[in-house]
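A.B. asks: Pasting a structure below so you can have a look.
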Amino acid sequence: MASEISGFDGVLLRIDRLYRGAKVGDCKFPGPSSCSWSLQSLAQDLNVPLQHHGAQVVMAILGDVSSGKTSFVNALTEELSLLDEKISASTLPAQWHVSEDFNEGEWPGLLLRAADQSPDWVQRAAAIVKSCRHVSAQRLRGVEVIEVSGSLAQQDLEPTTWILSHADIVVCLLDSQAKQPSDELLALLKKVSSVQEPPELQFVFSRADLLRRESDRVQLIAKASRLLQESLGRRFEILPVATGDLAVLLDVLDDKSNKWDAGRCRALHSAQELLQKRVQERLDLLTSDCKALRLAVDMQKSISTQMPAQTSTGGNQLLLCGIGFAVASAIVPFVLDEDIDASMVPIFMACTLVLACFCLFLSFYQRNHTPEVLPGESASSPMLMKEQERFLSLVEKQCEVWRRSSDKIPETRS
């Protein structure tokens, strides 16, 4: 069994909060909360594209109705997951299990993205957030477990398929007490496995301990393997799990775990292995994005200091001079002395009009040829740029602390 990763893996959630802010609460439209700063809001102001990053490791548990999904989740979390009478599991397409690092009412990152993809599904997603269960298992820090309903309503089918397609690991339970998986389950698995970057698919033979004869287990597993190969185009290793015996549901995994734990051992090992790798990847991405944002802030600051301070003031002064000369040309006949030759009046008027036109031309020319304002610069100010620099400095320092801590994390081993 893989050694457990320390509590440092909770950093994935905190990195995700730095990017999007912590979305908390039951609002109609999902999105970042009204926090002061986030990397995404800063990147939007500076027009800097950020690299796509995943948040925590997401493991989805899939299967037909009464195939033992809840029991398998109990075994993973080593906690009893009891049904809430107020929120019936049958009314929701999925049940989210998150670590205690999550705040009450905080949206998981993948669910938030799914709500963005399907705006009509926001209310259903908000209901899932309300039903999120917090588990204390240390091995699930940094891992989100989704128990997907065995019977999906039409309105939930597309968003749930999208969630499964973007999960990291999908564990499908094949019921040993059923003749074969349902057509709906096979169709869903086919959609999930056909995406460009499919999740890791794992199959377990649930309630295998209820089959008394080993030959029956071998025969049924072989039959299920052939069916999966015909439907999905490849073979999968199907491991047994004991979700029929309540006495083994909450057994703690150790090096002496029996064969009934093979399925959940594999799932947890895959999640922890991916978690170890993702921590390093996300720290590298965070460092790279901070450098790009720092460069944009420095460039904006440099341009604002190099731009002539009197550019706009000079243009306004020329405009006022042009208007003044135009007014002067209109009142010249009324202010000149009577002893001045009348033939000189048109000359004075023409001169002032020429000066007015010249000043107005210079004013508009200067306005049209001022350096183009960079995206995000219009909202900039010395105080704003100072706050942007301060925020980035804090993020960079935090990233350095996390990176030093990550060097102390032991590698996972089989």
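A.B. asks: Modelled with pLDDT of 70 or more and in a helix (DSSP H, G or I): is that true of Ser302 in this structure?
C.D. replies: In short, yes.
A.B. asks: For the range 172-188, what are the residues that are in contact with a strand residue (DSSP E or B) (Cβ under 8 Å, 6 or more places away or on another chain) and within 12 Å of Ala224 (Cβ to Cβ)?
C.D. replies: Once the filter is applied, which keeps residues that are in contact with a strand residue (DSSP E or B) (Cβ under 8 Å, 6 or more places away or on another chain) and within 12 Å of Ala224 (Cβ to Cβ), the range 172-188 yields Cys172, Leu173, Leu174, Asp175, Ser176, Pro181, Leu185.
A.B. asks: Which of the following residues is of a type outside the set (Gly, Ala, Ser), modelled with pLDDT of 50 or more and not assigned by TED's automatic domain parsing to the domain that holds Lys277: Arg413, Arg390?
C.D. replies: The match here is Arg390.
A.B. asks: Let me ask something else. Given the criterion over 18 Å from Gly263 (Cα atoms), of a type in the set (Gly, Ala, Ser) and assigned by TED's automatic domain parsing to the domain that holds Ala271, identify the matching residue among Ser193, Ser206.
C.D. replies: So the residue among Ser193, Ser206 that is over 18 Å from Gly263 (Cα atoms), of a type in the set (Gly, Ala, Ser) and assigned by TED's automatic domain parsing to the domain that holds Ala271 is Ser193.
A.B. asks: Would you confirm whether or not the range 95-106 contains a residue that is buried (at least 22 other Cβ atoms within 10 Å of the Cβ), of a type outside the set (A, V, I, L, M, F, W, C), over 16 Å from Ile15 (Cα atoms) and without any contact (Cβ under 8 Å) to a residue 60 or more places away in the chain?
C.D. replies: Yes, because at least one residue in the range 95-106 is buried (at least 22 other Cβ atoms within 10 Å of the Cβ), of a type outside the set (A, V, I, L, M, F, W, C), over 16 Å from Ile15 (Cα atoms) and without any contact (Cβ under 8 Å) to a residue 60 or more places away in the chain.
The values are calculated or read from the model by the stated rules, or taken from the named source; none is laboratory data. What you see is a predicted model, and the numbers here were worked out from it, not measured in a lab. Note that each Cβ is placed from the backbone with ideal geometry, even for glycine, and that neighbours are counted across all protein chains shown.
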